[in-house]
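Chemist: Please read through the structure below; I'll follow up with questions.
Each reported figure results from applying straightforward, stated rules to the coordinates on display, with no laboratory input. Just so we're clear, the structure is a prediction, and the values are computed from it rather than from any experiment. Heads up, the Cβs are rebuilt from the backbone with ideal geometry, glycines too, and the neighbour counts pull from every protein chain shown.
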């Protein structure tokens, strides 16, 4: 499975991050250990939501959408 996820900073709840992975648990651990330069300064993170895809191309397209202006608005309304 391929997961598109949204994580939220526990200390700075206005900070959200959208990503994609095939191992959700390991990826969240990496974010919380500071292994990603984009998320290291806002840790710790918690998983807000994720969507699982069997098709990796659909996961890529959905991640790109969530990172767009209309996708961010969609995520704010629905997640």
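Chemist: Restricting to the range 1-49, what's the tally of residues that are within 23 Å of residue 60 (Cα to Cα) and assigned to a loop (DSSP other than H, G, I, E, B)?
Modeler: Adding up the residues that qualify gives 9.
Chemist: Given the condition assigned to a strand (DSSP E or B) and either exposed (fewer than 13 other Cβ atoms within 10 Å of the Cβ) or out of contact with any strand residue (DSSP E or B) (no Cβ under 9 Å at 6 or more places or on another chain) (or both), answer yes or no: does some residue in the range 50-69 qualify?
Modeler: Yes, the range 50-69 has at least one match.
Chemist: Take the residues in the range 16-29 that are in contact with a strand residue (DSSP E or B) (Cβ under 9 Å, 6 or more places away or on another chain) and more than 20 Å from residue 64 (Cβ to Cβ); name whichever of them is surrounded by the most Cβ atoms within 10 Å (Cβ to Cβ).
Modeler: 28
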